[in-house]
Structure formats: C-alpha cells, structure tokens
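To keep things clear, I will list the structure first and then write my remarks on it.
The values are calculated or read from the model by the stated rules, or taken from the named source; none is laboratory data. Since the structure is predicted, the reported quantities are computational estimates derived from the model, not experimental observations. Positions of Cβ are backbone-derived with ideal geometry, glycine not excepted, and every protein chain shown enters the neighbour counts.
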Amino acid sequence: MTPSDPNVPDADSLQGGPAELVRRAREGDQAALDSLMEQHIPALRGFVRLRLGRALRSREESVDLVQSICGDALADLAGFEYRGPESFRKWLMHRAENKIRTRGRYWGRAKRAAGNELQHDETGIDELREVADAFTPSRNAAGREELERLERAFEELSEDDRRVILLARVVGLDHAAVAAEMDRTPLATRSLLSRALAKLAARLEP
C-alpha cells in the first residue's frame, strides 16, 4: 500500500482516534491495520536505515528488515499495551532496535568464527538517505554531493547528538518522549537537540 492508495482510509476517517485504531487493528480489522502501519512505516524505514550501520547494511537489506519487523509486530499486536498516541511508534521502534541487535549478534558470531569480528554497533551514515531524500529528491550529481556532505557531517556528531536527532527528527517523538528514551529531562533534550542541530549546520557550512 502507498499513502496515495484511495482504498486505505487515513487515521482521521477511522472513528475514535489512535486508541480506537489500535483496538480495531488488534481485532483484525484490515482497514485499521493498513492505516496503523501506513502512519508509522516512513519513520520506521528511516529509523532502520539510520541504525543499521555500514557493517550490517552490507549484509542486510533495510527493506527486508522493515518488512520483517512489521510482520512480527502485527503477529504480536495482542501483546501491545496502548499508553498514549505515541506508544505504538515507540513500541515499533524498540522492536526494530531489538531486531537490529539480534542480526548484529548473528553476523558478529559469524565473523568471529572466521577470525574477524564484525564491528556491528557502528552507526553508519549511508542510512541518512531516507531522511535526506525529503530535502534532495533529485538523484543528480549535485544532489549526491550534497548528500555525501550531510553524511560526513552527521558521522562527525557524538552518539548522543545523533540519537537525539534520530528520535526527534526521524522518529518524530515529542520532547517528553525523547527525554524518556534518553533518560533525561525534556529541558535537557531540548537543549541537546538545539546544540546537535547547530553542530550539524556548522559542519554543513561551505
């Protein structure tokens, strides 16, 4: 399904809001299932691409991982507990993190068995393409050069800076949710995000 598919209702057309949408999806309502996943797949796709890392990305297709995560999530939907509008997205991203860690451990064991340990926890920069495409839709040479500059600049940021940008700008969590994920206060994560974006902008200056 694509966002333009006229057969898939948007969330506003499904009465009751997010909680009702989740309830209907858990009961097997296909329209609700389609609408629920359609809301969150773009953020999930960007999250997976950004978190895979170069080492894992050379062995795993992000599209396949997203499909696997979605399939597992739908199969386990009965175990999801609704705790607010952003709770489903957070639950989905945690499942994605766990899936990526599992695949990293698998490939790590495979490489260690061959005598060459995989550094699977490196946050790769190629995965920013999903995010950068929103700003550079063309695939011409100039666009690719700008994308490479963005990738290099993002790679230079600290893990905390990359993570706060990921959570706030890719996943789209509000400041309270970002703070909870990073075990900080909302004021602290607001400040961290502001500084992280400023650092990224400074690195992108000619």
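Out of region 183-196, which residues are buried (at least 16 other Cβ atoms within 10 Å of the Cβ) and among the aliphatic types (A, V, I, L, M)?
Start the filter on region 183-196 by keeping residues that are buried (at least 16 other Cβ atoms within 10 Å of the Cβ), which leaves 184, 189-190, 192-193, 196.
Within region 183-196, 192, 193, 196 qualify.
Yes or no, residue by residue, for (1) in contact with a Ser or Thr (Cβ under 9 Å, 6 or more places away or on another chain); (2) surrounded by fewer than 21 Cβ atoms within 10 Å (Cβ to Cβ); (3) not basic (Lys, Arg):
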residue	(1), (2), (3)
35	yes, no, yes
61	no, yes, yes
76	no, yes, yes
83	no, yes, no
88	no, no, yes
94	no, yes, yes
97	no, yes, yes
103	no, yes, no
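Could you grab the pairs with beta carbons closer than 7 Å, sequence gap of 6+ or different chains, first residue in region 152-176 and at negative phi, second one charged (D, E, K, R) and crowded, with 20+ Cβ neighbours inside 10 Å?
154/162
Has region 4-12 got any residue that is in contact with a Lys or Arg (Cβ under 9 Å, 6 or more places away or on another chain), hydrophobic (A, V, I, L, M, F, W, C) and either at pLDDT 65 or above or not in a loop (DSSP other than H, G, I, E, B) (or both)? Give the derivation first.
Residues of region 4-12 that are in contact with a Lys or Arg (Cβ under 9 Å, 6 or more places away or on another chain), as a first pass: none.
No - not one qualifying residue is present in region 4-12.
Here is a list of conditions, (1) over 16 Å from the mean Cα position of the chain (by Cα); (2) not in a helix (DSSP H, G or I), and residue 173 meets all of them except one; can you say which number that is?
Unmet for residue 173, out of (1) over 16 Å from the mean Cα position of the chain (by Cα); (2) not in a helix (DSSP H, G or I): (1).
Which residues, taken from region 62-96, are more than 24 Å from residue 179 (Cβ to Cβ) and among the charged types (D, E, K, R)?
64, 72, 76
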